[in-house]
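The values are calculated or read from the model by the stated rules, or taken from the named source; none is laboratory data. If you're wondering where the values come from, they're calculated on a predicted model, not measured in any experiment. Note that we place each Cβ from the backbone using ideal geometry, even for glycine, and neighbour counts take in every protein chain shown. Accessible surface is based on the protein model in full, side chains and every heavy atom, while ligands, DNA and RNA are left aside. Shrake-Rupley method; radii C 1.70, N 1.55, O 1.52, S 1.80 Å.
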Amino acid sequence: LTASQEVKDRIFKEIGRFKITSTNAAESSILRGYIETLLSLPWDKCSEDSEDLKAAWKILEEGHYGLKDVKERIMEFLSVRKLTHKGKSPILCLVGPPGTGKTSIAKSVAEATGKRYVRICLGGVKDEAEIRGHRKTYVGAMPGRITVALQQAKVANPLMLLDEIDKTSSDYKGDTSSALLEVLDPEQNGSFTDHYMNVPYDLSNVLLVCPANSTDTIPEPLLNRMEVIQFPGYTAVEKFQIARRHLLPKAMKSMGIKAQNLKVTDEAIRRIIKDNTTEAGVRGLKKQM
């Protein structure tokens, strides 16, 4: 196990307690679950990031039409990472209307950098324990979603997508956005402490991407910690190119129709777009296709 001495000491201490605890005692299963969780986390295990900027640009260009400003900002960010060789990075907040490609461009960034991709949906989450976990003394205690996502990624430097960050809420159990402050602060998240784990975990190597439809509902302290990249709506010309290059081939593949069986004219695609241009994104257009 490649972890800090503090973590190793905690694991050995808990194993010692587990050995002297009766197997029939309720505490035995709690200790077993806690030890297994600590051992399953990728403490210092990192995947090797790709620093090939030409290949990264090619992936972004092939996967998305338009979005020039967005792609250039992401390339700037990747260039700085290559120059500094450091894992610490700004937290990117992708803001734009639904269907403009925020989630899919995050997947492309993961592919371009050679990072593992994990997604956490925060829409409707209103319990602080969802982010930071429960104390292990509670019955049925579990680690928070951040810790679970790291277990799934199996590396300490994945790309973590915190989806629908503008749709979190709060109730008597705690404020979710306040719990996220520590996670989304590059100065603090080097020692993120999950309530269940109760040992600090370094999140500074994790590339955090937060898509949102609007910044209006994101609290100001949270928004200040993120770097906002605006996604514009698509024009009719861009929609036509997206439909021709991406949506039509995907639609035909999902229906099992081969290219020689069906010919769709440019005029037909323009007619579909003309009847469905009220949206800024292309999700409705995808359904029509």
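Would you mind working out the accessible area per residue for the range 4-57, using a 1.4 Å probe, and quoting it in Å²? Let's see the in-between values first.
Numbers: 3590 Å² over 54 residues.
Heavy-atom SASA per residue in the range 4-57 reads 66 Å².
Could you work out the Rg to Rh ratio of the range 202-289, with Rh taken as the Kirkwood radius (inverse of the mean 1/r over all Cα pairs)?
Values: Rg = 18.3 Å, Rh = 15.9 Å.
Taking Rg over the Kirkwood Rh, I get 1.15.
Can you compute log10 of I(q)/I(0) for the range 21-103 with the Debye formula, treating each Cα as one identical point scatterer, at q = 0.12, 0.20, 0.21, 0.22 Å⁻¹?
-0.60, -1.01, -1.07, -1.13
Only Cα pairs within less than 10 Å get springs; with that Gaussian network setup on the chain, which residue of 28, 214, 169 has the largest fluctuation?
Answer for the Gaussian network model of the chain: 28.
Dipole size in debye (nearest 20) for the range 194-289 around its Cα centre, Lys and Arg Cβ +1, Asp and Glu Cβ -1?
Details: 14 positive and 10 negative charges, 202 e Å.
Dipole size: approximately 960 debye.
Where in the range 43-73 are there GluC sites (Glu not before Pro) that are in a DSSP coil and have at most 15 other Cβ atoms within 10 angstrom of their Cβ?
48, 51
Starting from the Kirkwood Rh over alpha-carbon pairs, what translational D in µm² s⁻¹ does the range 120-271 have by Stokes-Einstein at 37 °C and 0.692 mPa s?
Working: Rh = 18.4 Å.
So the translational diffusion coefficient is about 179 µm²/s.
Report the charge-dipole magnitude of the chain in Debye, nearest 20, computed about the Cα centre from +1 at each Lys and Arg Cβ and -1 at each Asp and Glu Cβ.
Numbers: 43 positive and 37 negative charges, 253 e Å.
Taking the Cα centre of the chain as origin, the dipole is about 1220 debye.
Quick check: the angle from helix 266-275's long axis to the longest principal axis of the chain, C-alpha only, nearest 10 degrees?
70
Could you give the accessible area per residue of the range 180-250, probe 1.4 Å, as a whole number in Å²? The partial results should precede the final answer.
Details: 2980 Å² over 71 residues.
I get 42 Å² per residue for this part.
Say the dipole of the chain comes from +1 at the beta carbon of Lys and Arg and -1 at that of Asp and Glu; which of 99, 11, 261 then lies farthest toward its positive end?
Farthest towards the positive end: 261.
According to a simple spin-label model (label point 7 Å from Cα along Cα-to-Cβ), what is the distance in nm between residue 169 and residue 279?
Here the modelled spin labels are 2.4 nm apart.
I want to make sure I understand the PRE zone here: with the label point 7 angstrom from the Cα of residue 103 toward its beta carbon, which residues in the range 123-138 have backbone N atoms less than 13 Å away?
Backbone N within reach: 123.
Would you mind telling me the share, in percent, of accessible area of the range 21-94 contributed by carbon and sulfur at probe 1.4 angstrom? Write out the running numbers ahead of the final one.
On the way: 2270 of 4280 Å².
Ligands and nucleic acids excluded, carbon and sulfur reach 53 percent.
Among the aspartates and glutamates, which fall within straight-line cross-link reach of residue 45, defined as a Cα-Cα distance under 18 Å, with same-chain neighbours fewer than 8 residues apart omitted?
List returned: 6, 36, 202.
Could you state the principal axis extents of the C-alpha atoms in the range 37-170, from the largest down, to the nearest angstrom?
Principal extents (largest minus smallest coordinate, Cα): 51, 35, 21 Å.
The chain: longest stretch without exposed trypsin sites (Lys or Arg not before Pro) (DSSP loop, at most 11 other Cβ within 10 Å), sites themselves excluded? It would help to have the intermediate numbers written out before the result.
Working: sites that count: 86, 135, 173, 258, 263.
The longest such stretch corresponds to 1-85.
If I compute solvent accessible area with a 1.4 Å probe over the protein chains, what percent of it on the range 105-151 is carbon and sulfur?
Working: 1090 of 2180 Å².
Carbon-and-sulfur percentage of accessible area, whole number: 50.
Take the eigenvalues of the Cα gyration tensor for the chain, scale each by 5, and report the square roots as semi-axes in whole Å, largest first.
Working: eigenvalues 343, 84, 75 Å².
In descending order, the three semi-axes are 41, 20, 19 Å.
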